[in-house]
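Asks: Structure incoming, see below.
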């Protein structure tokens, strides 16, 4: 699962440390795959050493992850994703941001720029007293507000498109009794803010928060402080939803991502579901397998046991002693 997603994202879902990807006792790792994409077939290769990464596509150097995302799209569910509904807001923000980039890899630099500008403003505000450079701070906040407004607009648009499909897919994967509601929440963004006015509002909020933010040593307004409110059966998912309910909702979320991406003409992503059937009862496991049996693209599913009702054209790989073996 990690190898498949790495060829698309050029990073691991498991760790941010490159050194963790190399087997113990070895100096480097090598990964290669053949990809049949909507724009043609490609040979993708990655060499990972302790401290650096080198990627090639058809023998040519890859300059950024965006190039791989454009050619090889993966929708991925990890065993940790359902815990996003129970944890802090950063995980839920990442969930939306990854979907934004899935729809448009060209948005990736926007999120990187926004994060860099937040760090830059934090450093400026750490000057003793109020001794920060006003001109520099003005310029930083102007750029930060512009990027932040675009981040919020991209998140809201992606979420609205996803929520068009989520209820029906949740019914398909978990039955009609599991109802969910998801909304974008923000402490600084007022409901009255007109679409397209997020940047101007953020600019005013940043200016008014300079003293307070300097005292706290961090920027306290902006999309990096926003969250998703998730309710299941009319109650907050955090603290109330069961593990099975959270798993079912996240499976439906990934199915909705795929539906939106395919509808905009991007082809059908490879669907990668790691330990997806755990915490689901037999009936809902069957619903998930029925969905995968009719999925128009390629899908990968892991588990500790082989499900009893697999489609006839499935290939089963058994992992044993560090090796994979295909067959019944």
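The values are calculated or read from the model by the stated rules, or taken from the named source; none is laboratory data. This one's a predicted model, so the numbers in the text were calculated from it and none came from an experiment. Ideal geometry is used to build each Cβ from the backbone, glycine not excepted, and the neighbour counts take in all protein chains shown.
Asks: Identify all residues within the stretch 28-42 that are at pLDDT 90 or above and either under 18 Å from the mean Cα position of the chain (by Cα) or over 16 Å from residue 65 (Cβ atoms) (or both); write none if there are none. Full working, then the answer.
Replies: Going through the stretch 28-42, the residues at pLDDT 90 or above turn out to be 28-35, 41-42.
Within the stretch 28-42, 28, 29, 30, 32, 34, 41 meet the criteria.
Asks: Further question: Using the structure shown, decide if residue 176 is under 18 Å from residue 230 (Cα atoms) and in contact (Cβ under 8 Å) with a residue 24 or more places away in the chain.
Replies: Criteria not met by residue 176.
Asks: Say whether the condition of being under 24 Å from residue 35 (Cα atoms) and part of a strand (DSSP E or B) is met by at least one residue in the stretch 256-270. Step through it out loud before you land on a result.
Replies: Step one: of the stretch 256-270, the residues under 24 Å from residue 35 (Cα atoms) are 256-270.
Filter once more, so that each one left must be part of a strand (DSSP E or B): 270.
The answer is yes; a qualifying residue exists.
Asks: Which of the residues belonging to the stretch 1-20 are part of a loop (DSSP other than H, G, I, E, B) and in contact with a helix residue (DSSP H, G or I) (Cβ under 9 Å, 6 or more places away or on another chain)?
Replies: Within the stretch 1-20, 10, 11, 12, 13, 14, 15 qualify.
Asks: Let me ask you something else. Within the stretch 182-198, how many residues are buried (at least 16 other Cβ atoms within 10 Å of the Cβ) and under 20 Å from the mean Cα position of the chain (by Cα)?
Replies: Going through the stretch 182-198 one residue at a time, the tally reaches 3.
Asks: I would also like to ask the following. Any chance you could count how many residues in the stretch 292-318 are within 20 Å of residue 79 (Cβ to Cβ) and surrounded by fewer than 10 Cβ atoms within 10 Å (Cβ to Cβ)?
Replies: Residues flagged as within 20 Å of residue 79 (Cβ to Cβ) and surrounded by fewer than 10 Cβ atoms within 10 Å (Cβ to Cβ) within the stretch 292-318 amount to 2.
Asks: Kindly provide the set of residues from the stretch 54-66 that are modelled with pLDDT under 90 and surrounded by 16 or more Cβ atoms within 10 Å (Cβ to Cβ), ordered by number.
Replies: Hits for the stretch 54-66 are 65, 66.
Asks: Return the residues of the stretch 160-178 that are in contact with a strand residue (DSSP E or B) (Cβ under 7 Å, 6 or more places away or on another chain) and surrounded by fewer than 18 Cβ atoms within 10 Å (Cβ to Cβ); say none if nothing qualifies.
Replies: Matches in the stretch 160-178: 163 only.
Asks: Yes or no: the stretch 171-183 includes at least one residue that is in a strand (DSSP E or B) and in contact with a helix residue (DSSP H, G or I) (Cβ under 7 Å, 6 or more places away or on another chain).
Replies: Our first condition is that a residue be in a strand (DSSP E or B); within the stretch 171-183, this holds for 180-183.
Of the ones still in play, those that are also in contact with a helix residue (DSSP H, G or I) (Cβ under 7 Å, 6 or more places away or on another chain) are 180, 182.
Within the stretch 171-183, one or more residues are in a strand (DSSP E or B) and in contact with a helix residue (DSSP H, G or I) (Cβ under 7 Å, 6 or more places away or on another chain).
Asks: Being buried (at least 16 other Cβ atoms within 10 Å of the Cβ), within 30 Å of residue 242 (Cβ to Cβ) and modelled with pLDDT under 90 is true for just one of 97, 81. Which residue is that?
Replies: Just a single option satisfies the conditions, and that option is 81.
Asks: Among 59, 88, 25, which is the only one that is without any contact (Cβ under 8 Å) to a residue 24 or more places away in the chain and assigned by TED's automatic domain parsing to the domain that holds residue 266? Outline the logic, then answer.
Replies: Working: 59 fails: assigned by TED's automatic domain parsing to the domain that holds residue 266; 25 fails: assigned by TED's automatic domain parsing to the domain that holds residue 266.
Of 59, 88, 25, the one residue that is without any contact (Cβ under 8 Å) to a residue 24 or more places away in the chain and assigned by TED's automatic domain parsing to the domain that holds residue 266 is 88.
Yes/no per residue for (1) modelled with pLDDT of 95 or more; (2) outside the structural domain of residue 108 (by TED's automatic domain parsing); (3) closer than 27 Å to residue 289 by Cα:
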| position | (1), (2), (3) |
| --- | --- |
| 136 | no, no, no |
| 146 | yes, no, no |
| 151 | yes, no, no |
| 178 | no, no, yes |
| 182 | yes, no, yes |
| 194 | no, no, no |
| 197 | no, no, no |
| 206 | yes, no, no |
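Asks: Could you tell me whether the stretch 278-291 includes any residue that is in contact with a helix residue (DSSP H, G or I) (Cβ under 7 Å, 6 or more places away or on another chain), crowded, with 20+ Cβ neighbours inside 10 Å and assigned to a helix (DSSP H, G or I)?
Replies: Scanning the stretch 278-291, I find at least one residue that is in contact with a helix residue (DSSP H, G or I) (Cβ under 7 Å, 6 or more places away or on another chain), crowded, with 20+ Cβ neighbours inside 10 Å and assigned to a helix (DSSP H, G or I), so the answer is yes.
Asks: Could you go through the stretch 63-78 and let me know if any residue there is under 20 Å from residue 17 (Cα atoms), assigned by TED's automatic domain parsing to the domain that holds residue 162 and not in a strand (DSSP E or B).
Replies: Yes.
Asks: Would you tally the residues in the stretch 103-151 being on the phi > 0 side of the Ramachandran plot and assigned to a helix (DSSP H, G or I)? Outline the logic, then answer.
Replies: Kept after step one, since they are on the phi > 0 side of the Ramachandran plot, are these residues of the stretch 103-151: 129.
Then drop every residue that is not assigned to a helix (DSSP H, G or I), which leaves none.
Qualifying residue count for the region: 0.
Asks: Scan the stretch 300-308 and tell me whether some residue there is over 23 Å from residue 326 (Cα atoms) and free of Cβ contacts under 8 Å to residues at least 40 places away in the same chain. Break it down into steps so the answer makes sense when it comes.
Replies: In the first step, residues of the stretch 300-308 are kept if they are over 23 Å from residue 326 (Cα atoms); the result is none.
Scanning the stretch 300-308 turns up no residue that is over 23 Å from residue 326 (Cα atoms) and free of Cβ contacts under 8 Å to residues at least 40 places away in the same chain.
For (1) under 25 Å from the mean Cα position of the chain (by Cα); (2) surrounded by 12 or more Cβ atoms within 10 Å (Cβ to Cβ), each residue gets a yes or a no:
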position: 210; (1), (2): no, yes
position: 217; (1), (2): no, no
position: 223; (1), (2): yes, yes
position: 229; (1), (2): yes, yes
position: 232; (1), (2): yes, yes
position: 244; (1), (2): yes, yes
position: 253; (1), (2): yes, yes
